[in-house]
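Below is one structure; the comments refer to it alone.
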Amino acid sequence: MTIGSSAQACIAIPKNQAASQYISLPQFIMLLVVSRVFNDLTYVPFFSKPVEGTAMLYGSLLSAVILGIAILPILFLYNKHPGESVITIAWKRHKVWGYLFTGVYFIYIFIYLVGGIAGFDYFVTNVVYPKASVWVIAITMCGVCFFAAKNGLQGLSRLSGIIFVFFAIGLLLIALVSIPSMKMLNIKPLIDKPVESILSYAVSTATKNSEIVMLILLFPKVRTHTQRKGKHQVSPVKATMGLILISLIFTFTIDFLISAVLGDLSVTQTFPYFSLTSIIEIDLFQRLDAVHMVTWVCVAFVHVTLHAMVAIMLLKDILPGKARKFASPALFVLTVIMAIWLGIRTEWMKIANTPTYFVTISLLILLPIIAFFLSKIKTKREGNPE
Amino acid sequence: MINITIKIRKTASLLSKRLLQGCLALLILCNTFILSGCLHALQLNERALVQAVGIDWEDERIKLTLQVFSPAASGSGGGISASPQNANIIESSGRTVTEAFQNASLVQGKEMFIGHNRVIVVGAALAKRGIEQAIAFFSSSSTARHNAYLVIAETEAKEIVTAKINQGILPAETLERILENAEMSGIFEGVKLYEFLTSLQNEHDSAILPVLAYKSEEKEASADEKENKPSEDAIENVSPIFADGMAIFVDGKMVESLRGGEVRGLLWMRNSIKDTLVTVQSEVYQNAALNVYSTKSHLLANFKEDKVGKMGKIGKIGKEDAPDKLGDDSITFTLKVDCQATLKETTLREGAQNKVNHESIADLSQIACELIKEEVAAAFNRTVIANGADVFNLGNIILKGNKEVWQLLRDDWPNKMKSIKLIVEPTFIIDRVGSELERGA
């Protein structure tokens, strides 16, 4: 397998498709933020360690700092190798490295893809249709998302832009309506192991962030257009900061609203944000959960589609030439089966929600560092042909 | 031949592509059915729209009384008329609320829909027994309104839910309005289901709920009145339901009920008064009605530095020793109440001359301040001192003010709070006197 062909699906885009595969920096940030928001909206305290509201607030701030630091090796690598991704660098060095890198990233993205479908299933069968079968929801959602994934990154990015604006307006409306129900006494100082609870929440939030991995993988597809330079690569720092800061604003707002309105009740709620929207009211509306439901379905669609798209790309990189056309249907079947299984066995949902510190550190820090050394070796060899 | 084979292959490939696209389109279409609510659809006539729920405890079983929307036609127009009672009552019982609801569906033959429920009324017997389990049904249901009002019935919830209210389209709607108006007038504090659940969830907070009573004609009417019973043509009372005070809950069980001035004292402390009427007496006025149009209360915790300052160092003093070392007067709460009022109506004492001037207004302000102090003290004594019920967020205020002190107090908080001293500092400004300076008779 040659480097070009192996890395084709993910990075090296054929000329005729190039125009539809590149996206702009704002589109890219909005796409990742919308996908990221899915985790905040679908946060289930039951599946993770219950955390007090104040710890959530401090924790989300700290998680942004942690991510900002953890992403430094990648930023360094991408500054050195503009237009290339970690995976391309690995393929260029040797196909073994290529398979290894692609395989690791594929497994990670696939787990989040299954988790996304299972999370959607869990919400729908618990809140919207308590009598509906898990498999009906999983199959239809997967079908739609895989079909959308087939249509490319640019279409999804454009849609994300619209959803981003819609979500921001929805959140603003919810925040304004929440003001009369807010009680600042609900945001209390932490007394039981404050440092530990803040740190635990921050690390857990930072490590359960597949969008930052998406940023690593999809960044080479971001182009900006200027009259002077035409289409050219943008600064990875801008993309990272944009993603981290905008995500932080949304996450912090959501956490603050939940803490200030629900207080200690938030820990006992299956879906705290849904509970918040079903409680707050104004004269016109008795509840705002409809606003939440609409944005949530859209956000879930973007989250799953993006993960499906990247997972298909990575799987195509691993599979041999003829088998590539089966990547999408095979992944569809596998995702549906695993999502249904997770939806039925909720104890596994809890396990799936356990933070995987080592995996995230490996993907964010370890693999990029390895990629950097691989590129150095390659450069040296190219520089000294014997 | 080769051309034909290629053509067949191309056609097959095109067909399979079309088939795939068709399947996917069908799948998307299926999704629209699911997400738009077309699955397991229930027609409106198959649903019973519950407007108010009464929960009682009788013979070791939960007894439900449901007020269900049942519109009566208003004649030729076919709309909903406000004159008849547009509601039916369904009664059922069960070991749990869920079971009772299921039994109610069997009685009614319709699916009970609680998404429009406005009020949950809990009987006094169940409230004293503990209502946490009874309301768990509503907190876990995604269709239930978590912002429905939760109230306690003085006797039975059934009395309140089935009461004949001669106003509005729905009795439950009027019931909701009664609660809203009572809250706006500073008679009691309306509590939503989620607010009550939040208080229960807090490890040291105590909850409160308004109490509604049923004014039975038989109870009220004296023998003479019964003899002079009004004719059937007489206009009926709008509603036999009235606000009867606030119930105090400790660990989910009703322990006390406050009435009259105690309730307003509770509301002053909780900063829950939006508008209220204070009636005072002075040397000049037999009665003077003061409408408080603006009020703000601040409850502040004061820590004595010499004692608490040292106590605050966690780790130097063991938790076991702490409660003894924290003196009784170490923590004092100060309640600052700022009111602005309008002098609405006065009744002069016999022989007194009515002059609305600075002296008489200052006199009334002073008397109103004393009244506020009395009401707050009464509420504080009945809740905190007598029952160890923290309905004023005292624990949270200490926690916010001095985390270390709270750590010393939290384990024995119900007892420690009984030694807390409260200082009330009201400011009552009468800055509006209406359009008439000389009044009264």
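Tally the residues that are away from chain B (no Cβ under 13 Å) and open to solvent by less than 50 Å² (accessible area, probe 1.4 Å), restricting the search to region A:282-294.
We begin by selecting, within region A:282-294, every residue away from chain B (no Cβ under 13 Å); these are A:284, A:291.
Still in the list and also open to solvent by less than 50 Å² (accessible area, probe 1.4 Å): A:291.
Result for region A:282-294: 1.
Would you confirm whether any residue within region A:50-57 is open to solvent by 30 Å² or more (accessible area, probe 1.4 Å) and outside any helix (DSSP H, G or I)? Walk me through how you get there before you give the answer.
Keep residues of region A:50-57 that are open to solvent by 30 Å² or more (accessible area, probe 1.4 Å), which gives A:50, A:52.
Still in the running and outside any helix (DSSP H, G or I): A:50, A:52.
Looking for residues that are open to solvent by 30 Å² or more (accessible area, probe 1.4 Å) and outside any helix (DSSP H, G or I), one finds at least one in region A:50-57, hence yes.
Quick check on region A:77-104: of everything there that is within 20 Å of A:Ser235 (Cβ to Cβ) and not in a helix (DSSP H, G or I), which residue is most open to solvent (accessible area, probe 1.4 Å)? Outline the logic, then answer.
Taking region A:77-104 and keeping what is within 20 Å of A:Ser235 (Cβ to Cβ), we get A:77-86, A:88-89.
If we keep only those that are not in a helix (DSSP H, G or I) too, we end up with A:81-85.
Working: A:His81: 36, A:Pro82: 89, A:Gly83: 28, A:Glu84: 32, A:Ser85: 1 Å².
The extreme case among them is A:Pro82.
Against the definition (open to solvent by 20 Å² or more (accessible area, probe 1.4 Å), outside any loop (DSSP other than H, G, I, E, B) and at pLDDT 85 or above), how does B:Leu267 come out, yes or no? Lay out the reasoning, then the answer.
On the way: open to solvent by 20 Å² or more (accessible area, probe 1.4 Å): no; outside any loop (DSSP other than H, G, I, E, B): yes; at pLDDT 85 or above: yes.
Taking the combined requirement at face value, the residue does not satisfy it.
Would you say A:Leu243 is touching a helix residue (DSSP H, G or I) at 6+ places or on another chain (Cβ under 8 Å), at pLDDT 90 or above and within 14 Å of chain B (Cβ to nearest Cβ)? Can you show your working first?
Numbers: touching a helix residue (DSSP H, G or I) at 6+ places or on another chain (Cβ under 8 Å): yes; at pLDDT 90 or above: yes; within 14 Å of chain B (Cβ to nearest Cβ): no.
In short, no.
When the residues of region A:310-331 are filtered to those that are hydrophobic (A, V, I, L, M, F, W, C) and open to solvent by 10 Å² or more (accessible area, probe 1.4 Å), which remaining residue is farthest from the other protein chains (Cβ to nearest Cβ)?
Of the residues in region A:310-331, the ones hydrophobic (A, V, I, L, M, F, W, C) are A:310-315, A:318-319, A:323, A:326-327, A:330-331.
This time we only want the ones that are open to solvent by 10 Å² or more (accessible area, probe 1.4 Å), so: A:312-313, A:315, A:318-319, A:323, A:326, A:330.
Numbers: A:Ile312: 15, A:Met313: 19, A:Leu315: 18, A:Ile318: 23, A:Leu319: 19, A:Ala323: 18, A:Phe326: 13, A:Ala330: 15 Å.
Going through the qualifying residues, I end up with A:Ile318.
Is it true that B:Asn147 is modelled with pLDDT under 90 and touching a Phe, Trp or Tyr at 6+ places or on another chain (Cβ under 7 Å)?
Working: modelled with pLDDT under 90: yes; touching a Phe, Trp or Tyr at 6+ places or on another chain (Cβ under 7 Å): yes.
Yes; evaluated as a whole, the condition is true for this residue.
Have a look at B:Phe196, B:Phe249 and point out the one that is modelled with pLDDT of 90 or more, crowded, with 17+ Cβ neighbours inside 10 Å and part of a strand (DSSP E or B). Spell out the reasoning first.
Working: B:Phe196 fails: part of a strand (DSSP E or B).
Unique residue meeting the criteria: B:Phe249.
Among the residues of region B:139-153, is any away from every other protein chain (no Cβ under 14 Å), surrounded by fewer than 23 Cβ atoms within 10 Å (Cβ to Cβ) and among the polar types (S, T, N, Q)?
No - not one qualifying residue is present in region B:139-153.
Pairs needed: first member in region B:185-204, within 13 Å of chain A (Cβ to nearest Cβ); second member anywhere, part of a loop (DSSP other than H, G, I, E, B) and open to solvent by less than 10 Å² (accessible area, probe 1.4 Å); C-beta distance under 6 Å; at least 6 residues apart or different chains.
B:Lys192/B:Asn147; B:Leu193/B:Ala148; B:Leu200/B:Gly252; B:His204/B:Asp390
Within region A:246-281, track down each residue that is more than 11 Å from chain B (Cβ to nearest Cβ) and among the hydroxyl-bearing types (Ser, Thr, Tyr).
The answer is A:Ser247, A:Thr251, A:Thr253, A:Ser259, A:Tyr273.
Report yes if some residue within region A:183-200 is more than 26 Å from the chain's Cα centre (by Cα), away from every other protein chain (no Cβ under 11 Å) and part of a helix (DSSP H, G or I); otherwise report no. Quick ask: steps written out before the conclusion?
Let us first name the residues in region A:183-200 that are more than 26 Å from the chain's Cα centre (by Cα), namely A:183-195.
With away from every other protein chain (no Cβ under 11 Å) added as a condition, the list becomes A:193, A:195.
Okay, now just the ones that are also part of a helix (DSSP H, G or I), so A:195.
Yes, there is a match, as at least one residue in region A:183-200 is more than 26 Å from the chain's Cα centre (by Cα), away from every other protein chain (no Cβ under 11 Å) and part of a helix (DSSP H, G or I).
Six or more apart or on different chains, Cβ atoms under 9 Å: show the pairs whose first residue is in region A:133-155 and within 9 Å of chain B (Cβ to nearest Cβ) and whose second is open to solvent by 40 Å² or more (accessible area, probe 1.4 Å) and not in a helix (DSSP H, G or I).
A:Val136/B:Leu39
Just the residues that are free of Cβ contacts under 8 Å to residues at least 12 places away in the same chain and surrounded by fewer than 16 Cβ atoms within 10 Å (Cβ to Cβ), please, taken from region A:242-276.
Of everything in region A:242-276, just one residue is free of Cβ contacts under 8 Å to residues at least 12 places away in the same chain and surrounded by fewer than 16 Cβ atoms within 10 Å (Cβ to Cβ), namely A:Ile249.
Given (1) open to solvent by 20 Å² or more (accessible area, probe 1.4 Å); (2) of a type outside the set (D, E, K, R); (3) assigned to a strand (DSSP E or B), identify the lone condition not met by B:Ala362.
(3)
Of the residues A:Gln269, A:Gln233, which is of a type outside the set (A, V, I, L, M, F, W, C) and in contact with a strand residue (DSSP E or B) (Cβ under 7 Å, 6 or more places away or on another chain)?
Values: A:Gln269 fails: in contact with a strand residue (DSSP E or B) (Cβ under 7 Å, 6 or more places away or on another chain).
When all the criteria are applied, what remains is A:Gln233.
With the structure loaded, tell me whether A:Ile117 is of a type in the set (Val, Ile, Thr), closer than 16 Å to B:Leu27 by Cβ and away from chain B (no Cβ under 11 Å) or whether it fails that test.
Numbers: of a type in the set (Val, Ile, Thr): yes; closer than 16 Å to B:Leu27 by Cβ: yes; away from chain B (no Cβ under 11 Å): yes.
Yes; evaluated as a whole, the condition is true for this residue.
Which condition does A:Ile109 not pass, out of (1) part of a helix (DSSP H, G or I); (2) open to solvent by 10 Å² or more (accessible area, probe 1.4 Å); (3) within 24 Å of A:Tyr43 (Cα to Cα), if it passes all the others?
(2)
Taking the condition open to solvent by 60 Å² or more (accessible area, probe 1.4 Å), touching a Leu at 6+ places or on another chain (Cβ under 8 Å) and modelled with pLDDT under 80, does B:Lys319 pass? First the steps, then the outcome.
Numbers: open to solvent by 60 Å² or more (accessible area, probe 1.4 Å): yes; touching a Leu at 6+ places or on another chain (Cβ under 8 Å): yes; modelled with pLDDT under 80: yes.
Yes; evaluated as a whole, the condition is true for this residue.
Specify which of the listed residues (B:Phe113, B:Phe101, B:Phe137) is touching a residue at least 60 places away in the same chain (Cβ under 8 Å) and aromatic (Phe, Trp, Tyr). It would help to see each step written out before you state the result.
Values: B:Phe101 fails: touching a residue at least 60 places away in the same chain (Cβ under 8 Å); B:Phe137 fails: touching a residue at least 60 places away in the same chain (Cβ under 8 Å).
After ruling out the rest, the residue left standing is B:Phe113.
Return a yes/no flag: does region B:180-188 have any residue that is more than 17 Å from the chain's Cα centre (by Cα), open to solvent by 20 Å² or more (accessible area, probe 1.4 Å) and more than 16 Å from B:Val50 (Cβ to Cβ).
Initially, region B:180-188 is screened for residues more than 17 Å from the chain's Cα centre (by Cα), giving none.
Looking for residues that are more than 17 Å from the chain's Cα centre (by Cα), open to solvent by 20 Å² or more (accessible area, probe 1.4 Å) and more than 16 Å from B:Val50 (Cβ to Cβ), one finds none in region B:180-188, hence no.
Out of region B:90-137, which residues are crowded, with 17+ Cβ neighbours inside 10 Å, within 26 Å of B:Leu170 (Cα to Cα) and of a type in the set (Val, Ile, Thr)?
B:Ile90, B:Val97, B:Ile114, B:Val119, B:Ile120, B:Val121, B:Val122, B:Ile135, listed by residue number.
How many residues are more than 14 Å from every other protein chain (Cβ to nearest Cβ) and in contact with a Leu (Cβ under 7 Å, 6 or more places away or on another chain) if we restrict to region B:123-138?
1
So how many residues does region B:381-393 have that are of a type in the set (A, V, I, L, M, F, W, C), more than 14 Å from chain A (Cβ to nearest Cβ) and open to solvent by less than 10 Å² (accessible area, probe 1.4 Å)? Spell out how you get there, then give the answer.
If we filter region B:381-393 for residues that are of a type in the set (A, V, I, L, M, F, W, C), which is where we start, we get B:384-386, B:389, B:391-392.
With the extra rule that they be more than 14 Å from chain A (Cβ to nearest Cβ), the set shrinks to B:384-386, B:389.
Restricting the remaining residues to those that are open to solvent by less than 10 Å² (accessible area, probe 1.4 Å) gives B:384, B:389.
Number of matching residues: 2.
The values are calculated or read from the model by the stated rules, or taken from the named source; none is laboratory data. Everything quoted here is computed from the prediction, not taken from an experiment. Heads up, the Cβs are rebuilt from the backbone with ideal geometry, glycines too, and the neighbour counts pull from every protein chain shown. Surface accessibility is based on the protein's heavy atoms, side chains included, excluding ligands, DNA and RNA. Shrake-Rupley method; radii C 1.70, N 1.55, O 1.52, S 1.80 Å.
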